[in-house]
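Just so it is clear, none of the values below were taken in a lab; they were calculated from the coordinates. Please read all numbers here as calculations on a predicted model, not as lab measurements. Don't worry about glycine lacking a Cβ; one is built from the backbone with ideal geometry, like all the others, and counts go over all protein chains shown.
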């Protein structure tokens, strides 16, 4: 097979700067999470735990179009875990539900982006 451009063998190993960029993004995300109010931080931890349970190859989290019922189910599991939290009871009405949904969707989106970046890294 003939190639027009010459690529040395070490160019196929990938770009190590990609991993440094991801590490920097994780540091920045952790910094911003440290500014969350206590209740939001606890909700975020529970959302991360639920997403971690579903983070495997072929998971429904990584479907091209995630199922709304699956997303609702994840949010309801986080709501059930937060039901015993006294500080979460102080939040009025639907605001707690909305906050849980936003944090769960944000965590899923972050994991999907990270997986997409990792797949690109493997191709190079």
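Based on C-alpha pairs under 8 angstrom that are at least 6 apart in sequence, the range 15-123 has a relative contact order of 34 percent. Given R0 = 22 Å, the distance between the Cβ atoms of residue 49 and residue 24 translates into a calculated FRET efficiency of 0.35. What does a probe at residue 33 reach in the range 56-73, counting residues whose amide N is under 18 Å from the point 7 Å along Cα→Cβ? Within reach of a label on residue 33: 56.
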